[in-house]
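Worksheet: the structure to be examined is printed underneath.
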Amino acid sequence: MAMCFTFEIAATLGSARAAVFTTPHGPVETPAFMPVGTLATVKALDPQDLEQMGASMILGNAYHLHLRPGDELVREMGGLHAFMRWDRPILTDSGGFQVFSLAQLRTINEDGVEFQSHIDGSRRFFTPESVIAIERNLGADVIMQFDHVIPGQSDETSARDASDRSIRWLQRCLTELQRLQKTSSPDPISHPAPRIPHPASPIPHLDQALFPIVQGGIHSHLRREAAESIRSMHDWPGFGVGGLSVGEEKDAMYEMIEVVDEALPKTHPRYLMGVGFPEDLVEGIRRGIDLFDCVAPTRMGRNGAVFTHDGRLNIKRTEYRNDPRPLDSDCDCSACSRFTRAYIRHLFVSDEILGLRLLSLHNVHFLLSLARAARQSILNGDFDSWARNWLSRYRSAAPLAV
């Protein structure tokens, strides 16, 4: 593990652990939820909003940023941190999920994936090497391998094919990153980076942590085999767990997390990719997951769905027209501390942008706070009872359709 990436565990309870993941742009106290800034922005939120909510690490997406505005432009502007004015850690997803979701617009072979841009229809070709070059240009602290993603309920043959290909591509990702690191400027960047770095010419020497991704669908033996192969390849700074929350049943997802928990080293951070509903955070933490991300809080907020400690509510419902309560009486976000359900509903049904912003802000804050509360309960030694009580209260009301 590179010296600038460390993972120090402060407390454990079963598989759950409270730790600190150190990166060149600062520490990340785990468990942690990472807001998704697909296009170098967490939708509707300013980076200062995220700082005030206590976000320590966010995501960008290599696929989307490659297509627009272009990873080379981001590099010319000093890298993703400088471009979006975020001086804390960033992780970039390789775009594997986005590419493979283009089922009718892509062709897969061993070398990579040819696909059609969803923006202008242009033909593109991603290989493990080109994706690493893109992520190198973006300059995130943690970068993900290019992997082969398949639907969650895929049969064993399809799951093995995708998992094995992901492992072969992982070796190519690692080789390319090592090659690029050797050819980079030897001048180190200062750590931490300036709070608001001035846009500059190409990024100098970068310290980046490449995370492999454990695939295998909902087949336990494939997950174990993938984890073993990946572990034997390199001393990775952390591990991604992919191919979950893509159509499989919740129980199957939780089972696979348990399998991976046993198969991966306890000494490194685990990142459960694309999973971030409130109950999934708690269940994932219980099974040894440290990092989460999901577009759900902002996407659902833009559609009127609100996370609360008593389950999910739909702010569009008529019953909230004259409701003087905050969205969640146990939440201290700026939306809950300043505005009523009645007012936020009015904004939403009137198509006022502030309504979308307040709901997005609340939902992101809710997940950030949930991860912090889970961490504190691990440190306190009462995580099991805390998780049981939290889930019981949250699940007491059936989720409302949005």
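The values are calculated or read from the model by the stated rules, or taken from the named source; none is laboratory data. None of these values were measured; they are calculated from a predicted model. Backbone-built Cβ (ideal geometry, glycine too); neighbour counts: all protein chains shown. The area values use the complete protein model at the heavy-atom level, side chains included, leaving out ligands, DNA and RNA. Shrake-Rupley method; radii C 1.70, N 1.55, O 1.52, S 1.80 Å.
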query = How many residues are farther than 21 Å from HIS148 by Cα, in contact with a Gly (Cβ under 7 Å, 6 or more places away or on another chain) and not β-branched (Val, Ile, Thr) when one looks only at region 85-128?
reply = 2
message = Go through region 314-354 and report how many residues are polar (S, T, N, Q) and either in a helix (DSSP H, G or I) or touching a helix residue (DSSP H, G or I) at 6+ places or on another chain (Cβ under 8 Å) (or both).
response = 5
request  = Kindly list, by first and then second residue, each pair from a residue in region 348-360 that is farther than 17 Å from CYS331 by Cβ to a residue that is surrounded by 15 or more Cβ atoms within 10 Å (Cβ to Cβ) and basic (Lys, Arg), limited to pairs with Cβ atoms under 6 Å and residues at least 6 apart or on different chains.
outcome  = LEU356/ARG302
task = Scan region 5-17 residue by residue and report those that are in contact (Cβ under 8 Å) with a residue 60 or more places away in the chain and part of a strand (DSSP E or B).
result = PHE7, ILE9, ALA10, ALA11, THR12, LEU13, ALA16, ARG17
query = Can we say ILE203 is modelled with pLDDT under 50, more than 23 Å from the chain's Cα centre (by Cα) and closer than 27 Å to VAL20 by Cβ?
reply = no
query = Restricted to region 317-355, and to residues that are open to solvent by 80 Å² or more (accessible area, probe 1.4 Å) and among the basic types (Lys, Arg), which residue is farthest from ARG372 (Cα to Cα)?
reply = ARG321
note = Scanning region 18-64 residue by residue, those of a type in the set (A, V, I, L, M, F, W, C) and in a strand (DSSP E or B) turn out to be ALA18, ALA19, VAL20, PHE21, VAL28, ALA32, PHE33, MET34, VAL36, ILE58, LEU59
request  = Give me the pairs, please: first residue somewhere in region 281-308 and closer than 20 Å to GLY37 by Cα and open to solvent by 10 Å² or more (accessible area, probe 1.4 Å), second residue anywhere and part of a loop (DSSP other than H, G, I, E, B) and among the aromatic types (Phe, Trp, Tyr), beta-carbon distance under 8 Å, and either six or more positions apart or on two chains.
outcome  = CYS294/PHE277
request  = Using the structure shown, decide if VAL364 is in contact (Cβ under 8 Å) with a residue 24 or more places away in the chain, open to solvent by 50 Å² or more (accessible area, probe 1.4 Å) and of a type in the set (A, V, I, L, M).
outcome  = no
inquiry  = If ALA40 satisfies all but one of (1) closer than 26 Å to HIS66 by Cβ; (2) among the small types (Gly, Ala, Ser); (3) surrounded by fewer than 17 Cβ atoms within 10 Å (Cβ to Cβ); (4) modelled with pLDDT of 95 or more, what's the number of the condition it fails?
reply    = (3)
request  = Output the number of the condition that ASP280 fails; it satisfies all remaining conditions of (1) assigned to a helix (DSSP H, G or I); (2) farther than 26 Å from THR298 by Cα; (3) not β-branched (Val, Ile, Thr).
outcome  = (2)
key: Residues satisfying the stated conditions in region 98-126, i.e. at pLDDT 90 or above and either under 22 Å from the mean Cα position of the chain (by Cα) or under 17 Å from GLY274 (Cβ atoms) (or both)   = PHE126
remark   = The condition from (1) under 30 Å from VAL349 (Cα atoms); (2) surrounded by 22 or more Cβ atoms within 10 Å (Cβ to Cβ) that PHE277 misses is numbered (2)
task = Check ILE132, ILE150, ILE143 and return the single one that is closer than 24 Å to LEU244 by Cβ, aliphatic (A, V, I, L, M) and touching a strand residue (DSSP E or B) at 6+ places or on another chain (Cβ under 6 Å).
result = ILE143
ask   = If you take the residues in region 260-273 that are surrounded by fewer than 22 Cβ atoms within 10 Å (Cβ to Cβ) and either outside any loop (DSSP other than H, G, I, E, B) or at pLDDT below 95 (or both), which one is nearest to the chain's Cα centre (by Cα)?
value = ASP261
remark   = Looking across region 205-232 at residues that are in a helix (DSSP H, G or I), farther than 20 Å from VAL149 by Cβ and not polar (S, T, N, Q), the single one that is most open to solvent (accessible area, probe 1.4 Å) is GLU228
request  = Determine if region 294-301 includes at least one residue that is more than 27 Å from PHE97 (Cβ to Cβ) and either modelled with pLDDT under 95 or of a type outside the set (Lys, Arg) (or both).
outcome  = no
